[in-house]
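Notes for the one structure printed next.
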Amino acid sequence: MGTRFNAILPGLEDEEGDRVFMLIKREVTRIEGKLSRFRPESDVSEMNRIAKSNDCRLDDELFDIIKACILCNDITGGAFDVTLRPMMDYWKNNRLGELPNSEWEDLRVTLGMKNIHMDESAKTIRFSSPKLEIDLGGFGKGYALEKIREILENVKVKCAFISFGESSILAMGDHPAGGAWKIGMNHYLNPGKPVHHFEIIGGSVSTSSNFFVDDDGSLKNHMHVIDPLTCMPVEQCISVSVMAESPVLAEMMSTAFLVMPDEKIYEVLDQYEGMEPIKINYESGEARINLFEKINS
Amino acid sequence: MYIDRRRFLEMTAALAGSSVMTTAMPWFNIFNDPAPAGRNASDRVRVGVIGVGSRGRGLVYNLQELEKTMNLEIAAVCDTYEPHYQRAIEQTDGKAEAFFDYREMIEKVELDAVVIASPLYEHAHQTINCLKAGLHVFCEKSMARTLEDVKAMYDAYKETGNILLIGHQRLFNPVYLDAMERLHRGDIGPITMLRAWWHRNTDWVFYSDTGGRGTPLDRQRNWRFYDEFSAGMITELGSHHFQVANWVLGALPESVMGSGSINFFNDGREVYDNFAFVFKYPGDIHFTYDCITSNKHNGMQVQVLGNDGTMELESNMQYEEFPETPPALEDLIKTILGGDNEVIPIGGATWIPDAPIRIGGKYITPDYALDDTLLYLEGFINFVRKGSAPEKLTNEGYNASIWTLLAEQAAKTGEVVTCPSEYII
């Protein structure tokens with residue numbers, strides 16, 4: 001998953017902890033081997049090779065994953081999109097202000113999840129554009145957390161804290177000292193001082209952003225987050241975290257909310273009880289926070 | 001890519017007949033040539049487990065995993081400690097016959113093999129009696145508390161011709177399969193030093209309700225603390241890495257010197273809470289090993305230093321840098337251990353590893369989804385079916401066990417210790 005993985009399993013004997021960790025590791029390794037586009041032999045890589053020109057048969061798991069992504073694309077009005085990798089690559093090599101040009105225009109038309117076609121009975125997938133490829137980077141960590149939760153429930157582990165790169169977090173059960181897990185959201189311009197904290201009992205927090213912290217402490221937009229509706233990079237430095245009971249949902253929504261206008265985010269929140277987002281805009285040089293508190297409730 | 005079962009079998013097949021496989025790790029051939037087994041009850045390998053404490057319980061889980069694919073049965077379990085005895089009955093759904101006395105177990109139950117995970121000082125008589133009763137034995141490391149007992153176990157193995165394997169599970173680790181090939185090929189150049197350590201921050205108290213150090217119950221439950229029963233971390237931890245050093249260098253030490261003390265957990269325990277050793281190998285190669293229980297910063301590692309590179313075997317890395325420890329998670333662990341529930345500023349954009357050039361390393365072998373203890377037990381069951389196991393595998397366990405006790409002697413006497421001729425096999 002291109003990041004570091006940590007599992008905190010309080011209260012287990014060493015042997016038991018080792019055993020549970022091995023089960024988790026095995027599952028994460030399996031998922032990575034299946035979903036990573038960096039691995040030529042993964043199911044996703046194979047799908048990306050075949051589906052450009054032929055119907056590609058998927059196993060039930062991957063078929064359901066792609067369907068879930070399409071559903072999320074619908075729910076978010078197109079903001080969650082797993083086909084944007086070629087557009088991200090375009091923006092690595094090009095600057096703003098050089099538009100429109102034919103390369104960008106070509107990608108803009110050919111990418112997008114509308115170009116994915118699924119056949120429910122044959123369990124196949126086909127892309128209607130040869131340029132399209134699926135990148136589950138905005139999905140895999142949430143999915144892995146979902147599967148890890150199943151494993152932990154199966155072996156009756158009640159309390160656990162699981163992290164992928166500190167951006168995708170699953171907190172199960174109560175904090176060992178009692179009460180909810182209090183997950184602080186870092187203030188990027190004032191590290192170590194959380195701007196907000198989520199209180200989680202059995203749930204997940206996922207964070208997405210479009211910048212990195214430079215050596216001098218300032219924020220630099222890496223221009224890798226593309227708004228699917230405009231096919232342009234998100235220019236303001238924004239970080240979004242979403243707390244939800246489901247790690248997959250938190251993962252997908254944090255990616256989508258980064259590019260969605262606030263009023264659209266409110267519409268999504270109306271459909272999901274218990275989902276709590278925070279959007280932090282650093283563009284002005286300070287953290288401007290929107291917690292999306294419901295006005296009517 | 002990662003090493004799943006199929007990939008692992010491809011790896012062992014690719015090395016079949018190679019000189020590294022033949023000379024350094026012939027036991028991996030068992031996966032190329034497993035023992036044929038019918039599904040009949042008469043073909044079933046019947047195993048008894050002696051000692052079902054924390055390690056033994058894990059081994060029972062492993063054997064239960066193997067029961068799904070191999071014609072194997074955990075026919076009996078044994079523990080002198082009532083709670084563990086009861087727990088093992090539950091763990092095996094009452095299917096395994098339970099005993100307090102292993103002698104009764106091997107007399108009453110028809111068995112082919114035993115797995116021994118009792119305290120160190122019990123290994124010798126249990127192993128020897130089982131071997132003499134015609135059983136094959138998988139015994140947890142380290143072999144025994146005294147040199148005489150280690151040798152007596154070995155002698156019983158030679159006399160009876162039954163299998164005796166010692167549970168240094170790195171012998172079956174897929175990382176080592178690849179690493180040994182690379183080391184023999186010279187990928188990191190001539191090996192000039194080995195460094196290994198096992199650093200933990202723990203009082204190492206397995207049972208805290210024993211009335212404290214020195215009570216009879218504490219001596220029984222926390223046996224690792226008492227000189228009569230254990231050499232502490234030398235036998236319980238060091239043994240693993242002494243085996244790896246012998247294996248990687250393909251030689252035995254010429255001598256060992258060392259020192260140990262109790263400088264932090266001065267609670268009445270008799271074994272060192274920290275120590276350091278220097279082993280000297282043929283070719284003037286040194287292997288340094290240290291253990292500490294009051295600081296875990298360095299964790300556990302085996303570094304093989306060659307003129308052209310470094311392998312870190314415990315982390316499956318070639319070259320040497322670690323990713324930095326995530327401070328937020330360390331803080332979280334601290335608050336958990338301190339019984340506090342404070343807000344930890346943690347959520348952030350995905351942490352991305354430094355560029356490969358800054359990490360300075362690459363995986364020795366693709367990540368693997370296999371458990372080395374499980375592979376070892378699978379190998380053991382196959383060897384049992386065949387009636388024999390590679391002698392080198394037993395010798396690895398024997399030599400590592402001998403040198404743990406020589407190292408202990410070096411630390412206790414302050415002398416440079418060599419191996420008495422009667423223990424050289």
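The values are calculated or read from the model by the stated rules, or taken from the named source; none is laboratory data. Please read these numbers as outputs of a predicted model, since none were measured by experiment. Cβ coordinates were reconstructed from backbone atoms using ideal geometry, including for glycine residues, and neighbour counts include every protein chain displayed. Heavy atoms of the whole protein, side chains included, go into the accessibility calculation; ligands, DNA and RNA do not. Shrake-Rupley method; radii C 1.70, N 1.55, O 1.52, S 1.80 Å.
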How long are the semi-axes of the ellipsoid equivalent to chain B, from square roots of 5 times the Cα gyration tensor eigenvalues, in whole Å, largest first? 32, 28, 25
Rank B:Thr69, A:Thr255, B:Thr127 by accessible area, highest first, at a 1.4 Å probe radius? B:Thr69, A:Thr255, B:Thr127
Take every Cα pair under 8 Å in region A:160-290 that's 6+ residues apart, average their separations, divide by the length, and report that relative contact order as a whole percent. 20 percent
So which helices of chain A fit the span-like rule, where a helix is a whole DSSP H run, its Cα atoms reach 27 Å or more along the axis, and its mean Kyte-Doolittle is at least 0.5? none
The lysines whose Cα lies under 19 Å from the Cα of B:Lys296, excluding any fewer than 8 residues away in the same chain, are B:Lys334
Please report the spacing between the Cα centers of region B:23-52 and region B:225-284 in Å, no decimals. 32 Å
Test item: Cα-centred dipole of chain A, Lys/Arg +1 and Asp/Glu -1 on Cβ, debye: 420 debye
Would you please calculate the Kirkwood hydrodynamic radius of the protein assembly as shown over all C-alpha pairs and express it in Å, rounded to one decimal? 28.4 Å
Where does the longest stretch of chain B lie that holds no GluC sites (Glu not before Pro) found in a DSSP loop with 12 or fewer other Cβ atoms within 10 Å? B:111-227
Per residue and in Å³, how big is the convex hull formed by the alpha-carbon atoms of region B:25-184? 131 Å³
If the cut-off is a Cα-Cα distance under 13 Å, which aspartates and glutamates reach A:Lys182, setting aside same-chain residues fewer than 8 apart in sequence? A:Asp174, A:Glu199, B:Asp331, B:Asp340, B:Glu342
Please report the spacing between the Cα centers of region A:226-265 and region B:104-118 in Å, no decimals. 61 Å
Which GluC sites (Glu not before Pro) from region A:85-158 combine a DSSP loop assignment with at most 15 other Cβ atoms within 10 Å? A:Glu98, A:Glu120
Express the C-alpha Rg of region A:9-122 as a ratio against the empirical globular expectation 2.2 N^0.38 Å, rounded to two decimals. 1.43
On a 25 Å Cα-Cα criterion, which of the cross-link pairs B:Lys280/B:Lys392; B:Lys158/B:Lys386; A:Lys158/B:Lys95; B:Lys108/B:Lys141; B:Lys108/B:Lys132 come out too long? A:Lys158/B:Lys95; B:Lys108/B:Lys141
Per-residue Cβ counts within 10 Å, from other chains only, averaged over A:161-170: what number is that? 5
Would you mind computing the Rg to Rh ratio of region B:160-304 from its alpha-carbon coordinates, Kirkwood style for Rh? 1.03
Within region A:29-111, list the trypsin sites (Lys or Arg not before Pro) lying in a DSSP loop whose Cβ has at most 16 other Cβ atoms in a 10 Å radius. A:Lys52, A:Arg95
Helix-only estimate, please: 222 nm mean residue ellipticity of chain A, summing -39500 (n - 2.57) across DSSP H runs of length 4 or more and dividing by its residues, to the nearest 500. -10500 deg cm²/dmol
Counting every C-alpha pair in region A:160-290, the percent lying more than 21 Å apart is 40 percent
Charges only on Cβ, +1 for Lys and Arg, -1 for Asp and Glu: so what's the dipole of region B:180-322 about the Cα centre, in debye to the nearest 20? 180 debye
Most positive-pole-ward Cα, A:Ile169, A:Met185, A:Gly217, against dipole of region A:160-290 from beta carbon charges: A:Gly217
How much mean residue ellipticity at 222 nm does chain B get from its helices, if each DSSP H run of length 4 or more adds -39500 (n - 2.57) and you divide by all residues, to the nearest 500 deg cm²/dmol? -11000 deg cm²/dmol
I'd like the accessible area for B:Trp247: 1.4 Å probe, protein heavy atoms, all chains in place, Å² to the nearest 10. 10 Å²
Starting from the Cα gyration tensor of chain A, take the square roots of the eigenvalues, sort them a ≥ b ≥ c, and report rounded, prolate or oblate (rounded when a/c is under 1.5, otherwise prolate if a/b is larger than b/c, else oblate). oblate
Dipole size in debye (nearest 20) for region B:93-200 around its Cα centre, Lys and Arg Cβ +1, Asp and Glu Cβ -1? 580 debye
Within 10 Å of each Cβ of B:78-91, how many other protein chain Cβ atoms are there on average? 0
